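Below is one structure, written out as structure tokens; the observations come after it.
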Amino acid sequence: MVFVASTKYPGAVNTSNGGSAIEQLPEGLYELLKTERLMTNLSKFPQLRPHFGSVEDEESADVLSRHVADAVRKSLAAAEPTERVGLANKLLQELRDADRIAPGPTQLRSLHRPDTVKRRNLRRPTTPLSDSALLTNSKDDPNLAAELRTEIESADTVDLLCAFVRWTGLRLLQPALEQLKERGARLRVITTTYMGATERRAIDELVTRYGAEVKISYETQATRLHAKAWLFRRNSGFDTAYVGSSNLSQAALLDGLEWNVRLSSIGTPALLNKFEITFDSYWAQRAFQSYDPERDGEKLDAALERNGGRRTSAPDALTGLEVQPFLHQEEMLEDLEAERLKGFNHNLVVAATGTGKTVIAALDYKRLHEAAGRDLKLLFVAHRQEILKQAMRTYRDVMQDGAFGELYVGAHKPEEWKHIFASVQSLSSLGIEQLKPDFFDVVVIDEFHHAMAPTYRRLLDHLRPQQLLGLTATPERGDGVDVAKQFFDGRTASELRLWDALDADLLVPFHYFGVSDDVDLSQLEWKRGNYDAGQLNNLYTGNDARAAKVIRELRDKVTSTDQMRAIGFCVSVQHAHYMAEVFNRAGIASVAVD
């Protein structure tokens, strides 16, 4: 693909000795248009092998016009000022363009009704509307805050995409934003609760004082928006944009070491077009939720506090914190509702560990409870006491009831039998047959991939709840049994697998390094789908050469072994204790856990 060519080649070396100049091009990649002059110069250096590529039809107009524009610019610069308009008109005549340039030359700088001129401050940005520029907040550059004010004053719509918004930054733009609202111009803002840096006061002012439409990402597990960009659309067609490092804060707009590129629809039309399309696509995404100070103020405060921020408005003492689903959890809840509308009351949810399966189950129960208009008897089943205690705390937070639920595990025995968090072992000891099949309205089975075990089968075969919800991160079983097919007619109500959760930045991202350890496993016996455990233990435990390689590779890959938190998986208890000793001898504090 070939793009621009200049009559003076970038990187060219002039080898003239007083005669005609010969320009040798250094070896490398180019996008120069093939011209007579280029070919003449290349013929002087036969040791260089040029490679040419064709220009695509859809790009040839841009490529040729840039070459012609460069030649025209140089010719006009060399001509006397009084001759420049005449030269330009001669070229237009050759191009059969009847739009001749008037003497001067002069430019149309603005177009307004007389009464509008009196009302509006018609200051212009320092950078012409047609030009691009790099602003670095240096003493020789235009002040970014001042430039933004003048851009806002002449814009018909303003779009801001910003990781965080602060009151000190908003205050710098106050007069221009007030004029924008008076003109009835549209102001859209997309921001986040990233690091708790956004201030609620600034967001509230944008909406109530300046009439802005604001959308916020409340995600606290992951932050996907780091962009800082302004788009100023003008009905005249002279749109401009700023893309760079400055958030809406005083330091970023005035004296911070910030870099921002100014774009224009005249000089960089493709970039402006992509900006507009991309911003509009973000605006339509559900991840960014419309903000209303009265409706969503407490929600914003809570999200900012979770991310390390603080409240910047007076809290409402009567409003309690309500558990709100993340976007992916909201979508999974909607999937469940859709399945029930189809008549399916037994449903399986597959969600990667760490994405909040229990929160989804608790929020789902709350919605069922509210829809029914009465209390629903609940049974939540898991196989460990720690899981049950954690689940009960989650339900209590969601239901905003500190007394919600009773444990039925170990020494804990329920009394009211309304909302039971029970281990499958305790239910088996009780004798599940003692409960009426329809005793519970809602039954939730955690780690549903265990459902083929006899204890779970007896439970599922006996109970007949109005709603059955299975939760699992790993529906695949080693024996090949498909639990979705066995219990849910092959359906999965909603699914968020590990790879999708990672792709959506919902879980901690990781880098995977495969390191060869030179251990020969070819002589080990293969039993029941795995290597013989005893032989593996003998091969790895006491293998000092391999252990030294582990330490060496770890130090090569990890920033600091003193600060890391890590888990090492071993082939046996003995191997775990051996590796802990190896790590401790290397100065890396370790303990064996089995």
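Here, each number is a calculation from the coordinates, and none is a lab measurement. These numbers were taken from a predicted model, which means no experiment stands behind them. Neighbour counts run over all protein chains shown; Cβ positions are idealised from the backbone, glycine included.
Over all pairs of different C-alpha atoms in the chain, the reciprocal of the mean inverse distance, the Kirkwood hydrodynamic radius, equals 31.1 Å. For a paramagnetic label modelled at 7 Å from the Cα of residue 400 toward its Cβ, which residues of region 344-377 fall within the zone defined by backbone nitrogen distances under 18 Å? Counting backbone N atoms under 18 Å from the label point, the list is 362-376. Each Lys and Arg Cβ is given +1 and each Asp and Glu Cβ -1; about its Cα centre, region 122-278 then shows a dipole of about 240 debye.
Here the spin labels are modelled as points 7 Å beyond Cα on the Cα-Cβ line, and at residue 581 and residue 438 they lie 6.4 nm apart. Averaging 1/r over every pair of different alpha carbons in region 526-585 and inverting the result gives a Kirkwood radius of 12.7 Å. When +1 charges are put on Lys and Arg Cβ atoms and -1 charges on Asp and Glu Cβ atoms, the dipole computed for region 41-194 relative to its Cα centre reaches about 640 debye.
Computed from the Cβ-Cβ distance with R0 of 41 Å, the FRET efficiency linking residue 68 to residue 213 stands at 0.40.
Scaled against the 2.2 N^0.38 Å expected of a compact globular protein of N residues, the Cα radius of gyration of region 353-463 reads 1.01. Of the residues 203, 247, 289, the one whose Cα sits farthest toward the positive end of the charge dipole of region 199-298, with +1 on the Cβ of Lys and Arg and -1 on the Cβ of Asp and Glu, is 247.
Computed from point charges on the beta carbon alone (+1 for Lys and Arg, -1 for Asp and Glu), the dipole magnitude for the chain about its Cα centre is near 1360 Debye. Can you bin region 440-535 into rounded, prolate or oblate? Criterion: square roots of the alpha carbon gyration tensor eigenvalues sorted a ≥ b ≥ c, rounded for a/c under 1.5, prolate for a/b above b/c, oblate for the rest. Judged from the Cα gyration tensor, region 440-535 comes out oblate (a/c at least 1.5, b/c at or above a/b). Between residue 75 and residue 505, the contour length at 0.36 nm per residue exceeds the Cα-Cα span by 149.4 nm. Cross-link pairs exceeding 23 Å in C-alpha to C-alpha distance, out of 389/413; 181/299; 44/74; 357/389; 389/485, comprise 181/299; 44/74; 389/485.
Ranking 570, 163, 150 by how far each Cα lies toward the positive end of the dipole of the chain (charges on Cβ) leaves 150 at the top.
Please find the FRET efficiency linking residue 278 to residue 236, where r is the Cβ-Cβ separation and R0 is fixed at 22 Å, and quote it to the nearest 0.05. That pair, residue 278 with residue 236, gives E of 0.45. Sequentially through region 99-110, phi angles give Karplus couplings (6.51, -1.76, 1.60; θ = phi - 60°) of 7, 6, 7, 6, x, x, x, 10, 10, 6, 9, 6 Hz, Gly and Pro residues having no value and appearing as x. Local charge sum around residue 341 (other residues, Cβ-Cβ under 15 Å, Lys/Arg +1, Asp/Glu -1)? Overall, the nearby charge balance is -1.
Among 354, 332, 382, flag the residue with its Cα farthest along the positive direction of the charge dipole of region 315-403, charges on Cβ as +1 for Lys/Arg and -1 for Asp/Glu. The listed residue farthest towards the positive side: 382. Per-residue ellipticity at 222 nm from helix content only, as computed over the chain with -39500 (n - 2.57) for each DSSP H run of at least four residues, stands at -11500 deg cm²/dmol. Computed from label points 7 Å out along Cα-Cβ, the spacing between residue 561 and residue 522 is 3.2 nm. Computed from the Kirkwood radius of its Cα pairs, the Stokes-Einstein diffusion coefficient for region 123-300 at 20 °C and 1.002 mPa s stands at 132 µm²/s.
Relative contact order, whole percent, for the chain stands at 9, derived from Cα pairs under 8 Å and 6 or more residues apart. Taken along the Cα-to-beta-carbon direction at a fixed 7 Å, the label points for residue 106 and residue 185 span 2.6 nm. Using C-alpha pairs under 8 Å with a sequence gap of at least 6, the mean separation divided by the residue count of region 123-300 gives a relative contact order of 29 percent.
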